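Reviewing the structure listed below.
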Amino acid sequence: MQANEFKYKIKALRILENEHHYIRHLMNEWFQFVLKFENGDVYSRLEGMMAIKEIREKLKAFRAPLKKHQVKEEKYFFPMLGVYIGYEQGPILSIEEEHAEIDAYIDHFLHHSEQVSTEMDIGTMHDMVKDAMEAYEVLMVHMVKEEAVLFDMAEKMLKKIDEEVLLEQVNTLIVD
């Protein structure tokens, strides 16, 4: 891929955007099992239990790279952009609140799905999976907002020295 094919000229934003692509890929792995409930493709308690087990395993693996990405944004990107657009209100604050909301949905699902059994009815399982669905929906909209609003603002406002510092700070892996 040539440099002019990237959406952002700031390399640090390219890294964060590439992480978004990776996060979306991981999300789709567990979301396929969420869709089984949404589409009515779970016909037995055993199928439901197995689908929830898959969602749990994939969500647990998903949390580590997601958290590393969120930390990069909250520790480096948001404060740097906040110098220019303000930090206490506006888009950065709402984006950070979404991080907490996403984490809460994932944690709530993982907590309530610990004791899934074949004795649980499909309706209860379906209700349980709604937290994973909400996490997915909030996260998809969240990443679009980050890219369309915050990344675009950063492109226009960050100074060269900021770009270099931010690149050094975010140029780490989010996978082990």
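The values are calculated or read from the model by the stated rules, or taken from the named source; none is laboratory data. Here the structure is a predicted model, which is why all the values come from computation and not from measurement. As a convention, Cβ positions derive from the backbone with ideal geometry for all residues, glycine included, and neighbour counts pool all protein chains shown. Note: areas computed on protein heavy atoms with side chains; ligands, DNA, RNA excluded. Shrake-Rupley method; radii C 1.70, N 1.55, O 1.52, S 1.80 Å.
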Of all residues making up segment 142-166, the number that are free of Cβ contacts under 8 Å to residues at least 40 places away in the same chain and not small (Gly, Ala, Ser): 7
Hey, MET133 in a helix (DSSP H, G or I), crowded, with 16+ Cβ neighbours inside 10 Å and over 19 Å from the mean Cα position of the chain (by Cα) or not: no
Residue list for segment 78-136, filter: over 14 Å from ARG45 (Cα atoms) and charged (D, E, K, R): GLU88, GLU96, GLU97, GLU98, GLU101, ASP103, ASP107, GLU114, LYS130, ASP131, GLU134
From SER94, SER113, residue being free of Cβ contacts under 8 Å to residues at least 60 places away in the same chain, open to solvent by less than 60 Å² (accessible area, probe 1.4 Å) and among the hydroxyl-bearing types (Ser, Thr, Tyr): SER94
Some residue of segment 140-152 being among the charged types (D, E, K, R) and in contact with a His (Cβ under 8 Å, 6 or more places away or on another chain): yes
Residue count, segment 151-164 (criterion: under 21 Å from GLY86 (Cβ atoms) and open to solvent by 60 Å² or more (accessible area, probe 1.4 Å)): 4
Condition broken by MET120, with the remaining ones in (1) part of a loop (DSSP other than H, G, I, E, B); (2) exposed (fewer than 13 other Cβ atoms within 10 Å of the Cβ); (3) aliphatic (A, V, I, L, M) satisfied: (2)
Which listed residue, of LYS68, LYS53, is loosely packed, with under 14 Cβ neighbours inside 10 Å, out of contact with any strand residue (DSSP E or B) (no Cβ under 7 Å at 6 or more places or on another chain) and touching a residue at least 60 places away in the same chain (Cβ under 8 Å): LYS53
Qualifying position, being among the aliphatic types (A, V, I, L, M), within 12 Å of the chain's Cα centre (by Cα), open to solvent by 60 Å² or more (accessible area, probe 1.4 Å) and farther than 14 Å from ALA12 by Cα, among VAL144, VAL138: VAL144
